[in-house]
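Heads up: the structure comes next, in structure tokens.
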Amino acid sequence: MIRVAAFFDLDKTIIATSASAALSRPFYDGGLVTRGDVLRSAYAHFLFVLGSADADQTERMRRHLSELATGWDVEKVRQIVAETVHEVIDPYVYAEAVDLIAEHHELGHDVVIVSASGAELVEPIAAVLGADRTIATRMRVEDGKYTGEIDFYAYGENKAAAIRDLAAERGYDLGACYAYTDSITDAPMLDAVGHGFAVNPDRAMRRIAAERGWGMLTFTRPVALRTALTPPKPVLAGLAAAAALVIAWWLWKRRPAR
């Protein structure tokens, strides 16, 4: 039996923002960052949304975040993320991405979230989305605190290498697998699978997608995640009515014979 996975980038593919930038305010409230750090993150987020953050700027931000996290208590980070993930991420989730994840699950495919953000941020978001696995940046930890060193940076070619490693481990047929991303830096990720899709591509990504035969998708409807994952009231009412009919039928079948 062929095993298939769908690999989803997180930022600007599943959510219409950067997970790291969205969590900068909770980190500030939790005493992990200063006001200046929040402003710097806001500027990086501004470049990110405009799609104008080049590889050099992205690398500088990576170094900054690595230095910033040095000495942070890992459990405190996890606690802040767990307590605020719905509040800060919910408004930005694309309804189209949620629907697409559900379609892949219905087809029996595994769903894997692939992100350059840290695993402590990505894993709780992936759990809320119902993803099966994650590929994310891993920071080195000693005595429960971040050292500032990065053991694995899930960016560019590293994403593709991690996808190939996971496929070998899980037995995925990469030729039958899917991948979705917005960024030109993730071209290796789309090259690694048989069905690549550029989501909300900019001009550079649109050009390379056309050259390599990748599909192109447009996601435009951010929706509160809890709303997206909760059946609407008419559906719930229908389920309740159906349950009532089943119970009534069971009671009728068990009525005493006259």
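Per-structure values
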{"quantity": "Residue in the range 201-220 that is assigned to a loop (DSSP other than H, G, I, E, B), β-branched (Val, Ile, Thr) and more than 21 Å from Ala5 (Cβ to Cβ) present", "calculated": "yes"}
{"quantity": "Residue tally, condition modelled with pLDDT under 95, among the charged types (D, E, K, R) and surrounded by fewer than 24 Cβ atoms within 10 Å (Cβ to Cβ), over the range 158-191", "calculated": "1"}
{"quantity": "So Val141, is it crowded, with 16+ Cβ neighbours inside 10 Å and either within 19 Å of Ala6 (Cβ to Cβ) or touching a residue at least 24 places away in the same chain (Cβ under 8 Å) (or both)", "calculated": "no"}
{"quantity": "Residue within the range 193-211 that is surrounded by 20 or more Cβ atoms within 10 Å (Cβ to Cβ), in contact with a Cys (Cβ under 8 Å, 6 or more places away or on another chain) and more than 27 Å from Thr70 (Cα to Cα) present", "calculated": "yes"}
{"quantity": "For Gly108: the one exception among (1) in a loop (DSSP other than H, G, I, E, B); (2) modelled with pLDDT of 95 or more; (3) closer than 27 Å to Leu68 by Cβ", "calculated": "(3)"}
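Let's see how each residue does on (1) among the hydrophobic types (A, V, I, L, M, F, W, C); (2) out of contact with any strand residue (DSSP E or B) (no Cβ under 6 Å at 6 or more places or on another chain):
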position: Gly156; (1), (2): no, yes
position: Lys159; (1), (2): no, no
position: Ala167; (1), (2): yes, yes
position: Ala179; (1), (2): yes, no
position: Pro188; (1), (2): no, yes
position: Asp191; (1), (2): no, yes
position: His195; (1), (2): no, no
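The values are calculated or read from the model by the stated rules, or taken from the named source; none is laboratory data. Worth saying up front: this structure is predicted, and the values here are computed from it rather than measured. Using ideal geometry, Cβ is built from the backbone for each residue, glycine included, and neighbour counts are taken over all protein chains shown.
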